[in-house]
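To start, the structure itself, in structure tokens.
The values are calculated or read from the model by the stated rules, or taken from the named source; none is laboratory data. If you're wondering where the values come from, they're calculated on a predicted model, not measured in any experiment. All Cβ positions, glycine included, derive from the backbone under ideal geometry; neighbour counts span all protein chains shown.
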Amino acid sequence: MNKLSRLALVVSFASLFPLSAMAADSKGSVEVVHWWTSGGEKAAVDVLKAQVEKDGFTWKDGAVAGGGGSTAMTVLKSRAVAGNPPGVAQIKGPDIQEWASTGLLDTDVLKDVAKSEKWDSLLDKKVSDTVKYDGDYVAVPVNIHRVNWLWINPEVFKKAGITKNPTTLEEFYAAGDKLKAAGFIPLAHGGQPWQDSTVFEAVVLSVMGVDGYKKALVDLDNAALTGPEMVKALTELKKVATYMDADGKGQDWNLEAAKVINGKAGMQIMGDWAKSEWTAAKKVAGKDYECVAFPGTDKAFTYNIDSLAVFKQKDAGTAAGQQDIAKVVLGENFQKVFSINKGSIPVRNDMLNNMEQLGFDSCAQTAAKDFLADAKSGGLQPSMAHNMATTLAVQGAFFDVVTNYINDPKADPADTAKKLGAAVKSSK
Ligand code: BGC
């Protein structure tokens with residue numbers, strides 16, 4: 001089936017289930033579009049669904065498979081064009097502003113909840129600014145993910161004779177060589193564009209440092225995008241790619257995570273939603289697996305905030321459901337249970353300062369400590385690969401150039417840096 005007819009099928013299925021189709025005693029029905037479909041992600045979103053249903057609302061699950069969310073965003077756009085947007089959708093970063101500027105997001109429905117639940121004082125300004133449009137909340141932030149992590153199976157490292165977790169790119173390559181020699185997949189990696197760019201931005205951060213990362217991937221400065229530092233980053237990226245799973249082309253991130261969990265691979269470069277798979281497999285952080293900052297990036301935190309945006313709806317029951325979701329999401333209990341399942345950390349400032357007492361594991365404690373420290377030092381930077389730094393159009397330009405570069409054996413880093421500059425410029 002081609003892409004277009006698949007999309008049409010999704011849209012026509014959606015119209016088979018109008019919002020009014022709900023149990024007679026329901027207070028209202030809300031459809032939630034999201035892309036949390038791996039085992040660990042589903043366990044996390046089920047916590048929200050269960051609470052919303054307990055509160056008397058009908059949860060219509062609008063899950064769209066596809067890591068990183070590009071497929072979900074395509075479906076959302078076609079739904080909006082067809083005049084049938086869901087009540088709630090997972091949207092991130094600058095795209096929240098873009099959606100709000102179309103007039104489709106509701107600027108009123110969250111006002112009372114935000115005021116009575118004191119969101120302004122619960123949230124860091126960086127977080128609340130992301131989910132506000134012209135001063136009004138149009139989305140509720142759910143959690144914070146750190147993207148620049150390296151996941152390690154220590155048992156595999158031991159078998160390969162590696163005695164130290166890598167902290168530099170040289171040590172990373174040395175570990176990769178030992179893993180290869182011992183017959184393991186050095187780096188579990190699914191060759192989908194968003195995964196390629198997740199690795200690319202980690203390498204850029206490692207090679208160019210926080211300032212270089214910010215100039216190139218956040219400020220989209222042409223000199224930084226095309227300069228010698230970027231050429232160096234691209235050269236290192238090609239080397240990192242030599243350790244990637246040979247069977248990983250087009251593979252989902254969670255299937256690659258499973259290879260590290262099952263002891264077939266030694267490492268994975270992935271945001272901390274990868275931890276949700278380890279948790280679902282009943283593995284313990286610091287014992288069965290290690291989370292370390294990607295080599296050379298321990299003083300930085302590339303952040304990725306999951307948010308649920310609210311679309312204007314005519315039905316009062318749906319509006320009440322949107323408010324219920326928003327209230328539940330920022331509640332302390334949900335923030336804890338969801339993030340423990342999801343691998344993330346809470347968005348609430350009071351909780352970020354109290355992670356050990358709240359029962360979070362060592363990876364989450366490190367993430368929260370680093371988030372707070374890096375917010376002060378400037379090391380806290382939005383992730384490009386996860387829609388936090390740019391719009392989807394600019395992100396798409398990065399994805400194309402990076403994935404072509406990784407897959408083209410003849411690609412030249414200097415030419416690629418030029419292409420990157422040109423592609424970003426024309427997508428702005
Ligand atoms: C989202 C996560 C999700 C991951 C994999 C990221 O962009 O922020 O919530 O788990 O993609 O799909």
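Only one of 284, 329, 337 is crowded, with 21+ Cβ neighbours inside 10 Å and modelled with pLDDT of 95 or more; which?
Going through 284, 329, 337 in turn, just one is crowded, with 21+ Cβ neighbours inside 10 Å and modelled with pLDDT of 95 or more: 329.
Against the list (1) without any contact (Cβ under 8 Å) to a residue 40 or more places away in the chain; (2) surrounded by 16 or more Cβ atoms within 10 Å (Cβ to Cβ); (3) of a type in the set (S, T, N, Q), the condition residue 116 fails is (2). When the residues of region 166-191 are filtered to those that are touching a Phe, Trp or Tyr at 6+ places or on another chain (Cβ under 8 Å) and surrounded by fewer than 22 Cβ atoms within 10 Å (Cβ to Cβ), the one that is farthest from residue 398 (Cα to Cα) is 180.
State all residues of region 35-87 that are within 11 Å of the ligand (Cβ to nearest atom), assigned to a loop (DSSP other than H, G, I, E, B) and of a type outside the set (A, V, I, L, M); if no residue qualifies, say none. The answer is 35, 36, 37, 38, 66. With respect to the conditions (1) within 12 Å of the ligand (Cβ to nearest atom); (2) surrounded by fewer than 22 Cβ atoms within 10 Å (Cβ to Cβ); (3) not aromatic (Phe, Trp, Tyr), residue 272 falls short on a single one, namely (2).
Taking the listed residues 216, 174, 223, the one that is of a type outside the set (Ser, Thr, Tyr), modelled with pLDDT of 95 or more, assigned to a helix (DSSP H, G or I) and closer than 24 Å to residue 97 by Cα is 216, with no other qualifying. Scoring residue 151 on the criteria (1) under 20 Å from residue 286 (Cβ atoms); (2) of a type in the set (Phe, Trp, Tyr); (3) in contact with a Gly (Cβ under 8 Å, 6 or more places away or on another chain) leaves a single failure, condition (3). Of all residues in region 374-405, which are away from the ligand (no atom under 16 Å from the Cβ) and of a type outside the set (A, V, I, L, M)? Once the filter is applied, which keeps residues that are away from the ligand (no atom under 16 Å from the Cβ) and of a type outside the set (A, V, I, L, M), region 374-405 yields 374, 376, 377, 378, 379, 400, 403, 404, 405. Taking residue 114, is it out of contact with any Gly (no Cβ under 6 Å at 6 or more places or on another chain), among the aliphatic types (A, V, I, L, M) and within 21 Å of residue 37 (Cα to Cα)? No, not satisfied.
Tallying residues that are among the basic types (Lys, Arg) and either touching a Lys or Arg at 6+ places or on another chain (Cβ under 9 Å) or part of a loop (DSSP other than H, G, I, E, B) (or both) within region 149-171 yields 1. Cβ separations smaller than 7 Å between residues 6+ apart or across chains give the following pairs from region 268-293 residues that are aliphatic (A, V, I, L, M) to residues that are assigned to a loop (DSSP other than H, G, I, E, B) and within 13 Å of the ligand (Cβ to nearest atom): 274/343. For first residues located in region 411-423 and among the acidic types (Asp, Glu), partners that are surrounded by 15 or more Cβ atoms within 10 Å (Cβ to Cβ) and lie 6+ apart or on another chain with Cβ distances below 6 Å do not occur. Quick one: is residue 243 within 16 Å of residue 340 (Cα to Cα) and away from the ligand (no atom under 13 Å from the Cβ)? In short, no.
With under 25 Å from residue 276 (Cα atoms), buried (at least 16 other Cβ atoms within 10 Å of the Cβ) and among the charged types (D, E, K, R) as the only criterion, which of 221, 196 stands out? On inspection, the qualifying residue turns out to be 196. Residue 280 satisfies every condition listed in (1) more than 16 Å from the ligand (Cβ to nearest atom); (2) on the phi < 0 side of the Ramachandran plot except (1).
Conditions (1) under 16 Å from the mean Cα position of the chain (by Cα); (2) of a type in the set (S, T, N, Q); (3) more than 16 Å from the ligand (Cβ to nearest atom), marked per residue:
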| site | (1), (2), (3) |
| --- | --- |
| 276 | yes, yes, no |
| 290 | no, no, yes |
| 300 | no, no, yes |
| 318 | no, yes, yes |
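Within region 302-316, if we keep just the residues that are closer than 26 Å to residue 81 by Cβ and not aliphatic (A, V, I, L, M), the residue that is farthest from the ligand (Cβ to nearest atom) turns out to be 314. Of the residues examined, residue 354 is one that is without any contact (Cβ under 8 Å) to a residue 60 or more places away in the chain and either surrounded by 19 or more Cβ atoms within 10 Å (Cβ to Cβ) or outside the structural domain of residue 221 (by TED's automatic domain parsing) (or both). Please indicate, with yes or no, whether at least one residue in region 81-102 is at negative phi and touching a Pro at 6+ places or on another chain (Cβ under 8 Å). Checking region 81-102: not a single residue is at negative phi and touching a Pro at 6+ places or on another chain (Cβ under 8 Å). Of the residues making up region 340-350, those that are surrounded by fewer than 24 Cβ atoms within 10 Å (Cβ to Cβ) and within 16 Å of the ligand (Cβ to nearest atom) number 2.
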